[in-house]
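Quick notes on the structure that follows.
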Amino acid sequence: LITFIFTIYIIFRQKKLTEMKNDFINNMTHEFKTPIATISLATDAVNSPAISKNTESVHRYMNIIKEENIRMNKHVETILQAAFLEKQELNLNLSKIGAHEMIQEVASTFELQLNDKNGKIDFLLNASNDFISGDDAHFRNMISNLIDNAIKYSQDPVHVTISTHSTKNHLVIRIEDNGIGMSKESVKRVFEKFYRAHTGNLHNVKGFGLGMSYVKTVIDAHKGKIKVDSTIGKGTSSVCSTAVPGAV
């Protein structure tokens with residue numbers, strides 16, 4: 001009986017893993033197919049005699065190509081990050097980081113996405129000490145993932161608030177949106193690899209289900225903590241804290 005139950009458990013587990021793999025492949029195909037198609041159309045437009053003589057139109061299409069190229073690079077980074085984490089190769093190159101400056105730099109890269117959704121980001125950077133000892137690349141990617149989710153899972157007009165404050169030994173960063181929110185079940189599973197919450201009527205939202213798993217790994221590696229709170233229809237807030245230099 002025990003062997004039978006264990007066999008059934010393994011079968012269902014393998015079935016779930018197969019479904020997750022298929023979802024990942026389907027999402028990855030979609031994520032790469034869209035920018036490739038856009039770049040192809042923009043390239044054809046630039047080569048068109050009617051467009052090539054119009055400097056303003058050429059500049060606009062070249063910007064589209066550049067944006068889609070950046071988008072594909074982000075997808076490649078996400079997949080590579082997942083591969084590194086699978087092999088447990090997250091080695092931190094620690095340095096002194098000014099979190100406020102980094103947050104504003106990362107947020108500025110989302111200007112186009114915000115414009116598309118009539119959105120804005122409000123900054124309430126009130127931490128008295130925003131310097132941390134962290135890995136610049138991984139911490140930057142972590143902040144980027146959280147802002148990206150806040151924008152992606154919101155409808156027009158997007159309103160994201162990024163705030164910071166200091167405790168005795170920690171810097172606390174809060175990223176809050178006015179998006180579609182998540183159920184309690186989704187909040188419990190949000191850090192699972194390949195898990196993607198239901199997006200309601202936002203059918204154009206795709207992803208690999210790796211972003212929040214990566215975020216959790218990065219904040220854990222920095223000896224910090226992260227908590228996600230969400231209410232369906234009212235938005236989501238992600239709060240992460242990490243020790244400041246000299247903290248006990």
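Couple of notes before you dig in:
- Any hit, region 65-77, residues being modelled with pLDDT of 80 or more, over 23 Å from LEU210 (Cβ atoms) and open to solvent by less than 50 Å² (accessible area, probe 1.4 Å): yes
- Neighbours by Cβ (under 7 Å, 6+ apart or cross-chain): first from region 1-18, free of Cβ contacts under 8 Å to residues at least 40 places away in the same chain; second surrounded by fewer than 10 Cβ atoms within 10 Å (Cβ to Cβ) and of a type in the set (Asp, Glu): none
- Residue pairs meeting the criteria (Cβ under 8 Å; at least 6 apart or on separate chains; first farther than 14 Å from VAL172 by Cα, in region 212-230; second open to solvent by less than 40 Å² (accessible area, probe 1.4 Å) and of a type in the set (D, E, K, R)): VAL218/ASP135; ALA221/ASP135
- Subset of region 99-116 [touching a strand residue (DSSP E or B) at 6+ places or on another chain (Cβ under 8 Å) and open to solvent by 70 Å² or more (accessible area, probe 1.4 Å)]: GLN104
- Qualifying helices (runs of 4 or more DSSP H) (wholly inside region 96-185; at least 1 residues being at pLDDT below 90 and among the hydrophobic types (A, V, I, L, M, F, W, C)): 111-116, 136-152
- Across region 186-226, the number of residues qualifying as at pLDDT below 85 and farther than 22 Å from MET102 by Cβ comes to 18.
The values are calculated or read from the model by the stated rules, or taken from the named source; none is laboratory data. Fair warning: this is a prediction, and the values are worked out from it, not measured in the lab. All Cβ positions, glycine included, derive from the backbone under ideal geometry; neighbour counts span all protein chains shown. Note: areas computed on protein heavy atoms with side chains; ligands, DNA, RNA excluded. Shrake-Rupley method; radii C 1.70, N 1.55, O 1.52, S 1.80 Å.
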